[in-house]
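Below is one structure, written out as structure tokens, with a few remarks after it.
The values are calculated or read from the model by the stated rules, or taken from the named source; none is laboratory data. Since this is a predicted model, take the numbers as computed values, not measurements. All Cβ positions, glycine included, derive from the backbone under ideal geometry; neighbour counts span all protein chains shown.
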Amino acid sequence: MIKIIKNGNVITMDEERKRIEKLDIVIKDDTIVEVTEKYDGSYDEIIDATGKIVMPGLINAHTHLGMSYFRATNDNLTLQKWLNDMIWPLEDKLDDEDNYYGTLLSIIEMIKTGTTCANDMYFNCAGALKALNETKFRCMFTRTLMDSDQKGHEKIDEFIKLYEENKYNKLLSFAVAPHALYTCNHEYLTECSELATNLNLPVHFHYCENKAEIEGTLEQYNKSPLSVLIDTGLINNKLILAHATFIDDDSLEYFKGKDVSFVHNPVSNLNLGCGIADIVKYKKYVNVALGTDGQGSGNNLNMFYHMSFVDLLQKGKYEDPTVFSSYDVLKMATINGAKALGLEREIGSIKSGKKADIIMLDMNDSLTSPGTDVITNVVHNAYNNVDMTMINGEILMKDKKLCLDINEEKLINKIKEVIYSLS
Ligand SMILES: [Zn+2]
């Protein structure tokens, strides 16, 4: 099956090309086989991209897909109060079926807003897995590990089973995910580290999200967060550190050259009053990707909304518009996300040999025209402009209509029924 996306204004995110070019993209089954100025060969299906923007699907490098139930529940609460008093007691009441519906809603939100891969961290995994498989959505998947309830080993066993049963699923990759330093202990983190090393998987966890967490780590472990990473062996694994809102210079020097990625979640950090991460500085030391966190703290999974914050915050923080660019943000949301997940050979840019995770934007409306600086317009204004989403060569949305057998109205009613019954 050959598909071509013809005559689009393509932002490939391929460093070897110009930032935007008029190109045809040829896709054979699930793979991009040619990116060329003009394709005259045969094809089975043509997607006319004339006048539209074509770019790699966005990669949400830190989220909790089941948290659609908690959209916008964080007003006026600190991270610790929000988790302890609101989220965790409610999450205790959710089951696999609830998580199926919650994850399904998140997947629809991502497809509609151009995200084609997510790094998920949650529980009730059978439900999430059903939603991912039904929609053919690409995901780095896991089971959150924590030992604060002394049931940490059951969770590790659950993760190993999940991994063994699904490791050959082409749309899934896996990470070992201890929730955070404050929900685990030294011994448990060491076990997580050994598990990741044995399975050759990355470790994904929340790290230095706010100052209270760092102070809590000093109290709990009697050592700095970096020393915990070193002494538990976690540092020897590929690390995906979500948040990293406050990282000192010594840690940055230590991380330099190691396989460490930070995932910036600007909206979540602002909502919970955690602070503003110094991305301008961080990107000189480590790979920095972009995440939304769950909808509870991140408001939504629309990466275009979150991209705009990254750029504005850094320019404002430094009182200097030259320190960051819209293109830097696009890198975080595409190729840097792929690097963070260890998938840079497969996704993150439009290039021959990569998987066909591609989105198309129609920017010909009154809210985004004229948009002569295309990349800045995309990063700051394209909240509602994705009109085609393709994952692994399959079109999941076309002309802004989902190509999935899902009754959205019924799904929304179901979600409301569940959350109102809990609270
Ligand atoms: Zn999170």
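Some values worked out for this structure:
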{"read-out": "Considering residues of segment 87-134 that are out of contact with any strand residue (DSSP E or B) (no Cβ under 7 Å at 6 or more places or on another chain) and polar (S, T, N, Q) only, the residue farthest from residue 68 (Cα to Cα)", "value": "133"}
{"read-out": "Residue check, residue 105 over 22 Å from the mean Cα position of the chain (by Cα), more than 16 Å from the ligand (Cβ to nearest atom) and among the hydrophobic types (A, V, I, L, M, F, W, C)", "value": "no"}
{"read-out": "Failed item in (1) free of Cβ contacts under 8 Å to residues at least 40 places away in the same chain; (2) part of a loop (DSSP other than H, G, I, E, B); (3) farther than 20 Å from residue 140 by Cα; (4) charged (D, E, K, R), with residue 315 passing the rest", "value": "(2)"}
{"read-out": "Number of positions in segment 1-19 that are buried (at least 20 other Cβ atoms within 10 Å of the Cβ) and over 14 Å from residue 360 (Cβ atoms)", "value": "1"}
{"read-out": "Long-range neighbours under 8 Å by Cβ, at least six apart or interchain, first residue more than 13 Å from residue 52 (Cα to Cα) within segment 370-392, second basic (Lys, Arg) and buried (at least 22 other Cβ atoms within 10 Å of the Cβ)", "value": "391/138; 392/138; 392/355"}
{"read-out": "Condition check for residue 239: touching a helix residue (DSSP H, G or I) at 6+ places or on another chain (Cβ under 8 Å), under 27 Å from residue 74 (Cβ atoms) and away from the ligand (no atom under 14 Å from the Cβ)", "value": "yes"}
{"read-out": "Selection status of residue 300, surrounded by fewer than 24 Cβ atoms within 10 Å (Cβ to Cβ), within 16 Å of the ligand (Cβ to nearest atom) and on the phi < 0 side of the Ramachandran plot", "value": "yes"}
{"read-out": "Yes/no for residue 337 being within 27 Å of residue 255 (Cβ to Cβ), surrounded by 24 or more Cβ atoms within 10 Å (Cβ to Cβ) and within 20 Å of the chain's Cα centre (by Cα)", "value": "yes"}
{"read-out": "Check on residue 229, free of Cβ contacts under 8 Å to residues at least 24 places away in the same chain and not basic (Lys, Arg)", "value": "yes"}
{"read-out": "Criterion: in contact with a Ser or Thr (Cβ under 6 Å, 6 or more places away or on another chain), under 23 Å from residue 239 (Cβ atoms) and surrounded by 17 or more Cβ atoms within 10 Å (Cβ to Cβ) - qualifying residue of 181, 145, 195, 162", "value": "181"}
{"read-out": "Given (1) of a type in the set (Gly, Ala, Ser); (2) modelled with pLDDT under 95; (3) under 20 Å from the mean Cα position of the chain (by Cα), index of the condition residue 356 fails", "value": "(2)"}
{"read-out": "Residue among 151, 130 that is modelled with pLDDT under 95, over 21 Å from residue 240 (Cβ atoms) and in the same structural domain as residue 228 (by TED's automatic domain parsing)", "value": "151"}
{"read-out": "Residues located in segment 20-32, provided they are closer than 29 Å to residue 376 by Cα and either surrounded by fewer than 20 Cβ atoms within 10 Å (Cβ to Cβ) or not assigned by TED's automatic domain parsing to the domain that holds residue 371 (or both)", "value": "20, 21, 22, 31"}
{"read-out": "Failed item, numbered, when residue 272 is tested on (1) of a type outside the set (Asp, Glu); (2) within 16 Å of the ligand (Cβ to nearest atom); (3) modelled with pLDDT of 95 or more", "value": "(3)"}
{"read-out": "Hey, residue 420 surrounded by fewer than 16 Cβ atoms within 10 Å (Cβ to Cβ), of a type in the set (Phe, Trp, Tyr) and either under 18 Å from residue 8 (Cβ atoms) or not assigned by TED's automatic domain parsing to the domain that holds residue 133 (or both) or not", "value": "yes"}
{"read-out": "Condition broken by residue 203, with the remaining ones in (1) touching a residue at least 40 places away in the same chain (Cβ under 8 Å); (2) more than 18 Å from residue 317 (Cα to Cα); (3) within 16 Å of the ligand (Cβ to nearest atom); (4) aliphatic (A, V, I, L, M) satisfied", "value": "(1)"}
{"read-out": "Of all residues in segment 76-92 being free of Cβ contacts under 8 Å to residues at least 40 places away in the same chain and not in a helix (DSSP H, G or I), the one that is nearest to residue 127 (Cα to Cα)", "value": "92"}
{"read-out": "Residue match in segment 114-122 (condition: surrounded by fewer than 24 Cβ atoms within 10 Å (Cβ to Cβ) and either closer than 22 Å to residue 206 by Cβ or more than 15 Å from the ligand (Cβ to nearest atom) (or both))", "value": "no"}
{"read-out": "Residue satisfying all of: in segment 206-228; charged (D, E, K, R) and within 16 Å of the ligand (Cβ to nearest atom); nearest to the chain's Cα centre (by Cα) among these", "value": "209"}
{"read-out": "Per-region count, segment 168-190, residues touching a Cys at 6+ places or on another chain (Cβ under 9 Å) and away from the ligand (no atom under 16 Å from the Cβ)", "value": "3"}
{"read-out": "Residue in segment 381-395 that is nearest to residue 328 (Cα to Cα), counting only those that are out of contact with any Asp or Glu (no Cβ under 7 Å at 6 or more places or on another chain) and surrounded by fewer than 22 Cβ atoms within 10 Å (Cβ to Cβ)", "value": "381"}
